[in-house]
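Worksheet for the structure shown next.
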Amino acid sequence: MLVEKNVSLQPYNTFGIVARAETLVRVRSVKDLESLRGDPVLGRRPFFVLGGGSNVVLTGDVSAVVLKMEIRGRRLVRETPDAWIVEVGAGEPWHDTVDWTLEQGWPGLENLALIPGTVGAAPVQNIGAYGVELQDRFESLDAVDLATGQAFTLDAAQCAFGYRDSVFKHAPAQPGTSECLPRGMGLAGRAVITQVRFRLPKPWKPELGYLELERRAAEMGSVQPTAWQIFNWVCEIRRAKLPDPAVLGNAGSFFKNPTVTPEQCQDIIARDPKIVHYPMPDGSIKLAAGWLIDACGWKGKSVGKAAVYEKQALVLVNRGQGMDSVTGGEVMTLAKAIQTSVYERFGIRLEPEPVVV
Ligand code: EPU
């Protein structure tokens, strides 16, 4: 177990926010987690799990023990007539893993290309893009409960996946509170994901449910696109719409797309006929948060060094650099101002997507 003190977290969060960790532990194996638990000082302190830092807003220095997940390894564990089951260490970079599975001839993750972050973080918020969510390709995961030291495995149902949601985003149920997750089992601040297994289904079928992919496929006529083609299209679409965190700090979509009832949606359509909305299988309607924010005139606006990206209003960016970077406070002030104006105009409360620390 590698323990470091007073570590700058700026290189470890894609927003590029300046903050320090009092203590940072590099977790390279399950054994490192056992050592951490056995440590008389560190084992008793609260912890914060850091993957690729692509979905967090740091509002100050972190006093909880930062666990930097660096468990590596990728392998095929099983091949069945209808799937490849692939196991990947939590610390593997997500995009490289997608690329690697395609190189091995095991397609299925191509729609999720170029998402920043690590494999271990992917189930936490059930990452999704261009018609595919992690839960669609998920087999199971291994985790360690740092409260008890126990290692355990969860299947998809036990992860309680939802839209950008899972059991790992909810605090454990406190006695006397009503927790709505299955068996009251929130695992935030308690469990650490160590390995994730994917089920890549056979035979492979292209997933072209997203309008821009469908359009590109239609241009090819009757020829079916390959998984590599979809991978390249997704990379092109993302590069055109979303800022590269290596160039312009950001944490991807800053708000979730809200859902409303059909009645609420009709109400909004009556006032704003152009609102982008999608009917969901459960009868609710999902609204494009980016459109709502854009309609309130936020594109390009800023608070200090925090700004709304010009090409996609759902993304907040860092207009500063180095030590003169955006602060978590500026990001949250801008986020709150956006929430207020969307609420005042549409009566809709936007919920932030990243974890605010
Ligand atoms: N739109 C606007 N103005 C804007 C932004 C968007 O009018 O400033 C409109 C677009 O024209 C489009 C609609 O809103 O009609 C939706 O936009 P887009 O297709 O870009 O998708 P999104 O809803 O903004 C979601 C995910 C992304 C994911 C894409 C593609 C969430 C919160 N975001 O974005 O995920 O890549 O769909 O599947 O669900 C992320 O989670 O970090 C992320 C980038």
Points 7 angstrom from Cα along the Cβ direction at Ala246 and Glu103: gap in nanometres?
1.5 nm
Just to make sure I understand: if all protein chains stay in place, what is the order of Arg137, Arg199 by accessible area at 1.4 Å, largest first?
Arg199, Arg137
Of the peptides 258-266, 329-337, how do they stack up when ordered by the mean number of other Cβ atoms within 10 Å, highest first?
329-337, 258-266
Pull up the cross-link candidates among the aspartates and glutamates for Lys256, meaning alpha carbon to alpha carbon under 15 Å and not fewer than 8 places away within one chain.
Glu133, Asp165, Asp294, Glu351, Glu353
From the helices alone, meaning DSSP H stretches of at least four residues, give me the mean residue ellipticity at 222 nm for the chain, per-run term -39500 (n - 2.57), in deg cm²/dmol to the nearest 500.
-7000 deg cm²/dmol
Restricting to lysines and to Cα separations under 16 Å from Lys31, and discarding same-chain partners fewer than 8 apart, the set is Lys68
Whole-Å semi-axes of the range 250-356's equivalent ellipsoid, largest first, each the root of 5 times a Cα gyration tensor eigenvalue?
28, 13, 11
Paramagnetic reach from Glu351 in the range 184-204 [backbone N under 19 Å; point 7 Å along Cα→Cβ]
184-189
Heavy atoms only, probe 1.4 Å: what % of the accessible area of the chain goes to carbon and sulfur, would you let me know?
51 percent
One computes Rg over Rh for the chain from alpha-carbon atoms, with the Kirkwood Rh, and obtains 0.96
In what sequence, largest accessible area first, do Tyr343, Tyr210, Tyr130 appear using a 1.4 Å probe?
Tyr343, Tyr210, Tyr130
Which pairs, out of Lys301/Lys336; Lys169/Lys202; Lys169/Lys301; Lys305/Lys336, put more than 25 Å between their alpha-carbon atoms?
Lys169/Lys202; Lys169/Lys301
Once you have all Cα-Cα distances for the range 2-69, histogram them in 10 Å bins from zero and send the whole-percent values.
22, 55, 21, 1
Pop the C-beta distance of Glu4 and Arg78 into the FRET formula with R0 = 41 Å and round what comes out to the nearest 0.05.
0.65
Per residue, how much accessible area does the chain show when a 1.4 Å probe rolls over the protein heavy atoms, in square angstrom?
46 Å²
Would the range 64-202 count as rounded, prolate or oblate if I go by the C-alpha gyration tensor, calling it rounded below 1.5 in a/c and otherwise prolate when a/b exceeds b/c, oblate otherwise?
prolate
Counting DSSP beta bridges in the chain, what percent are antiparallel, to the nearest 5?
80 percent
For the range 36-66 and the range 286-328, compute the distance between their C-alpha centroids and round to whole Å.
27 Å
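The values are calculated or read from the model by the stated rules, or taken from the named source; none is laboratory data. Since the structure is predicted, the reported quantities are computational estimates derived from the model, not experimental observations. Ideal geometry is used to build each Cβ from the backbone, glycine not excepted, and the neighbour counts take in all protein chains shown. Remember, those area values only see protein heavy atoms, side chains included, never the ligands or the DNA or RNA. Shrake-Rupley method; radii C 1.70, N 1.55, O 1.52, S 1.80 Å.
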